[in-house]
Amino acid sequence: MTDLLERVHSREWFYRFELPDGTATATYHGGGLDQIHETRWNMLESILDAEFPAGQRNLRAVDLAAHQGWFSVHLAQAGIANVTGVDTRAEHVADARLITAAMGLSNVEFIHSDVFDLDPKALGTFDLVLMLGLIYHLENPIGALRLARALCGRLCLIETQVVPGMSGMVDFGSYHFVRPLRGSFGIIDETDETHGSETGTTGICLVPSIQALTWLLTKVGFSRCQILRPPPGAYEQLRHGKRVMVAAWV
Ligand SMILES: C[S@@+](CC[C@H](N)C(=O)[O-])C[C@H]1O[C@@H](n2cnc3c(N)ncnc32)[C@H](O)[C@@H]1O
């Protein structure tokens, strides 16, 4: 076993990575979270096949809030030519670099940065933008959607927890000025958990309703969006529409 694989095996991980020697990483949740990751990859792979068939993957992809790089690794293994992962936690970026080195993947790089500190002009655009498991941890989810649009050259996939929405008409100042509600946000308090490795950094979380999310995606500049259908046997939150993966096209 190489030194790198030995380092990988010396600890537990958030994701189950399949390693080149046929082994896999041990996880600190005992496999309890594998299904959510596998369901999401399954959904992502379906749209990837439809949008960028094999042989047409000489593409740039960015994985925003990449954590230990599980989705970045899967994109690279699926033949995407150039993958960049970004995460605000230095330990995740170090883990992601270790795992990709151990797997011998040379076409994946990781940037240690808050997504809001990225400069879209310097980075350019990416054919595929992933923003999975991020916006419901943020106090500025709309800013994150604007960033996703700024970085996107073709297709963006947003995956998020959603809250039940309100709808109806609102007297906006007076009954002479009535406006439709375009969706809503739920406020979730994560302020005591920002030390956790899967949370946002401020702990003030604005979670959109599905209607809010789809309306916002077109308002920040995507031409259309579609809620993706979860596969049979999907992780319960996706199956019951409590989380969604939305594809948005430039
Ligand atoms: C729930 S995890 C999701 C990880 C991965 N995208 C997935 O879906 O499995 C949230 C990730 O977002 C990262 N994160 C939170 N706030 C961020 C920010 N402002 N900029 C960059 N990364 C952030 C966390 O460090 C963590 O890795």
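The values are calculated or read from the model by the stated rules, or taken from the named source; none is laboratory data. Just so you know, these numbers come straight off a predicted model, no measurement behind them. Because the Cβ atoms are built from the backbone with ideal geometry, glycine has one as well, and the counts that use them run over all protein chains shown.
Screening 170, 162 for residues that are away from the ligand (no atom under 11 Å from the Cβ), surrounded by fewer than 21 Cβ atoms within 10 Å (Cβ to Cβ) and either at pLDDT 95 or above or not charged (D, E, K, R) (or both) leaves exactly one candidate, 170. Pick from segment 200-209 the residues that are in a loop (DSSP other than H, G, I, E, B) and either crowded, with 16+ Cβ neighbours inside 10 Å or charged (D, E, K, R) (or both): which of them is farthest from the ligand (Cβ to nearest atom)? Filtering first and then ranking leaves 209. Residues of segment 223-230 include at least one that is over 24 Å from residue 151 (Cβ atoms) and either modelled with pLDDT of 95 or more or buried (at least 18 other Cβ atoms within 10 Å of the Cβ) (or both).
Counted as qualifying within segment 1-107 are the helices (runs of 4 or more DSSP H) with 1 or more residues that are within 14 Å of the ligand (Cβ to nearest atom), surrounded by 20 or more Cβ atoms within 10 Å (Cβ to Cβ) and of a type outside the set (Ser, Thr, Tyr), namely 34-51, 70-77, 90-102.
Among the residues of segment 139-176, those that are touching a strand residue (DSSP E or B) at 6+ places or on another chain (Cβ under 7 Å) and in a loop (DSSP other than H, G, I, E, B) comprise 139, 162, 163, 172.
Yes or no: segment 176-187 includes at least one residue that is within 14 Å of the ligand (Cβ to nearest atom), in contact (Cβ under 8 Å) with a residue 40 or more places away in the chain and surrounded by 17 or more Cβ atoms within 10 Å (Cβ to Cβ). No, the conditions are met nowhere in segment 176-187. Among the residues of segment 231-250, those identified as closer than 21 Å to residue 147 by Cβ and touching a helix residue (DSSP H, G or I) at 6+ places or on another chain (Cβ under 8 Å) are 243, 244, 245, 246, 247, 248, 250.
Residues of segment 217-243 that are in a helix (DSSP H, G or I), under 16 Å from residue 157 (Cα atoms) and within 17 Å of the chain's Cα centre (by Cα): 217, 238. Whenever a residue of segment 115-142 is within 18 Å of residue 220 (Cβ to Cβ) and within 11 Å of the ligand (Cβ to nearest atom), it has no partner that is polar (S, T, N, Q) and part of a helix (DSSP H, G or I) lying with C-beta atoms less than 7 angstrom away and at least six residues away or across chains.
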